[in-house]
1. Please report the spacing between the Cα centers of region 1-21 and region 25-80 in Å, no decimals.
2. Modelling each spin label as a point 7 Å along the Cα-to-Cβ direction, I'd like the MET3/ALA33 distance in nm, to one decimal.
3. Tell me which chymotrypsin sites (Phe, Trp or Tyr not before Pro) from the chain have a DSSP coil assignment and no more than 15 other beta carbons within 10 Å of their own.
4. 7 Å from Cα along Cα→Cβ at both SER45 and GLU68: what's the point-to-point distance in nm?
5. Just check region 6-70 against the gyration tensor rule for me: Cα atoms, a ≥ b ≥ c as the square roots of the eigenvalues, rounded for a/c under 1.5, and otherwise prolate or oblate depending on whether a/b exceeds b/c.
6. Could you look at region 1-55 and say what percent of its accessible area is carbon and sulfur, using a 1.4 Å probe and all protein chains?
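The values are calculated or read from the model by the stated rules, or taken from the named source; none is laboratory data. Computed from a prediction, not measured in an experiment: that's the story for all the values here. Neighbour counts are summed over all protein chains in view; Cβ atoms, including those assigned to glycine, are modelled from backbone coordinates with ideal geometry. These area figures cover heavy atoms from the full protein model, side chains too; ligands, DNA and RNA do not enter into them. Shrake-Rupley method; radii C 1.70, N 1.55, O 1.52, S 1.80 Å.
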Amino acid sequence: RIMEGENWSKQMSEGKLGKPKGRKSALDNIAKALINKQHPLLIGSSGVGKTQTVKAFVKGIESGDYPELKGKKVFYFNTAD
């Protein structure tokens, strides 16, 4: 089965992801990991804010908070499906 991802970068630029919020320290840690060619993994119970944190990170990329990641795209794959 082929999985299709959602282009959250495109959705953010089109205003379709709302106004997500995330802790700046968490967003900075995600950016640092990606800049250093590491693979960040958000782990936690349902409802703790993992998805909102990633959406806030996408917002940070799109608004230029992380110039090292300019032009990078974030895709969402629902692996539960």
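1. Taking the Cα centre of each part, region 1-21 and region 25-80 sit 12 Å apart.
2. For MET3 paired with ALA33, the spin-label model returns 1.6 nm.
3. Working: sites: TRP8, PHE57, PHE75, TYR76, PHE77; in loops: PHE77.
In loop regions of the chain (DSSP not H, G, I, E or B), the sparsely surrounded chymotrypsin sites (Phe, Trp or Tyr not before Pro) are PHE77.
4. That separation, rounded to one decimal, is 3.4 nm.
5. Values: a/c = 1.69, a/b = 1.03, b/c = 1.63.
It is oblate, given that a/c is not under 1.5 and a/b is not larger than b/c.
6. Values: 2220 of 4370 Å².
On region 1-55, the fraction of accessible area on carbon and sulfur atoms equals 51 percent.
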